[in-house]
Amino acid sequence: MIRALKSFGAFWYDFVIGDDWQVAAIVVVALAVTALLVHAAGINAWWLLPLAAFAALAWSLHRATSGKS
Amino acid sequence: MTALPLVLTVFVACAVEAIEALTIVLAAGLTREWRSTFQGMAAALVVLAAIVAVLGPTITLLPLTALRLVIGALLAIFGLQWLRKAILRAAGYKALHDEASAYLREVAAAKAAPEVHKRGVNDWYAFTLSFKGVLLEGLEVVFIVITFGANQHNIGAAVIGAAAAVVVVTVTGIVVRAPLSRVPENALKFAVGIMLTSFGTFWGAEGAGVRWPGDDAALLVLVPAVAAVSLGYAAWLRRAHRLSAAPGQTAGAAGPASVTESEEVTGR
């Protein structure tokens, strides 16, 4: 039973998060910061998430090609 | 956004998944037994239909802002993983996805497996191979249909795009009776990664409260920007990989820094 649950969890982790969890972490943090800037500081930070996505991709590619992930 | 970009995006994304499912079904059917293969395929389609029937209406009940935030985040993460792999393939750090060799691997495994009669199925191996292949690839189709359809409040258009892709790939597969290895699958995956990342970023930021300059027209800038940056990364890495290859060695997937990842699980 526990083995089946572990396999189920591992499948969904791989399905959504994939090979590099740091990409997912950067996207989530960027969304949280965007929401804070918009709602707390009144800044329409439309540029933040695209920049974070480009940075996350560059960071992940760097890690993959240097054998760190 | 009109329905056409939605239908086209879902069509291309789902065609890629359908091609991979077709390879597995053909390997099971031609090597083992068609009846058990079709049973496996039908069982997987029933499970997928149940997931759409439950998730589709439920997800559209969520408030639009929350929906866009969660789905945007998921799509952006999902899309960036597709792009990452597509760029690594384009740069030569990872072997290109090849349906012909994937088919040969599945055929070799299918020929080696014993024939077991189980739960009313003549060939359990053909059944499970077909079931898992269609379910895994189909889950990505379901994910794309539900996320794109729900965000645009047009699940019908997304279903039409997905169904058209499955029909086109299936009919082509029946005619050719071989894996669709001539389809530029890696280029398609690159394009899908760009679309998923762009739409995910757009919807995610909207869900976080952002108002995009030009509203939906911002996508006309965002999609080319994501494409340009991704192609730039690929060109840069290709050059770096070529330079790092040893003298006299052709830079390729088996080069000094080849990357091994979980493609066989997700199919991305």
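The values are calculated or read from the model by the stated rules, or taken from the named source; none is laboratory data. A quick note: this is a predicted structure, and the numbers were derived from the prediction, not measured. Backbone-built Cβ (ideal geometry, glycine too); neighbour counts: all protein chains shown.
A few points about this structure:
- In region B:108-159, the residues that are surrounded by fewer than 17 Cβ atoms within 10 Å (Cβ to Cβ) and hydrophobic (A, V, I, L, M, F, W, C): B:ALA108, B:ALA109, B:ALA112, B:ALA113, B:VAL116
- Qualifying residue in region B:176-193 (condition: assigned to a helix (DSSP H, G or I), more than 14 Å from the chain's Cα centre (by Cα) and modelled with pLDDT under 90): yes
- Within region B:170-183, none of the residues are of a type in the set (A, V, I, L, M, F, W, C) and crowded, with 21+ Cβ neighbours inside 10 Å.
- Within region B:113-140, restricting attention to residues that are touching a Gly at 6+ places or on another chain (Cβ under 7 Å) and of a type in the set (Phe, Trp, Tyr), the residue that is farthest from B:THR23 (Cα to Cα) is B:PHE127.
- The number of residues in region B:1-14 being assigned to a helix (DSSP H, G or I), surrounded by fewer than 24 Cβ atoms within 10 Å (Cβ to Cβ) and not aromatic (Phe, Trp, Tyr) comes to 8.
- Count of region A:1-32 residues which are part of a helix (DSSP H, G or I), in contact with a Ser or Thr (Cβ under 8 Å, 6 or more places away or on another chain) and at the interface with chain B (Cβ under 9 Å from one of its Cβ atoms): 3
- Filter result (more than 7 Å from every other protein chain (Cβ to nearest Cβ) and under 11 Å from the mean Cα position of the chain (by Cα)) within region A:33-54: A:ALA52
- In region B:208-234, the residues that are among the aliphatic types (A, V, I, L, M), part of a loop (DSSP other than H, G, I, E, B) and free of Cβ contacts under 8 Å to residues at least 12 places away in the same chain: B:VAL210
- Test result for B:ALA187, surrounded by 14 or more Cβ atoms within 10 Å (Cβ to Cβ) and either more than 14 Å from chain A (Cβ to nearest Cβ) or touching a helix residue (DSSP H, G or I) at 6+ places or on another chain (Cβ under 7 Å) (or both): no
- Residue in region B:142-154 that is modelled with pLDDT under 85 and on the phi > 0 side of the Ramachandran plot present: yes
- Matching residues, region A:55-67, being facing chain B (nearest Cβ under 7 Å) and either touching a Ser or Thr at 6+ places or on another chain (Cβ under 8 Å) or charged (D, E, K, R) (or both): A:LEU57, A:SER60
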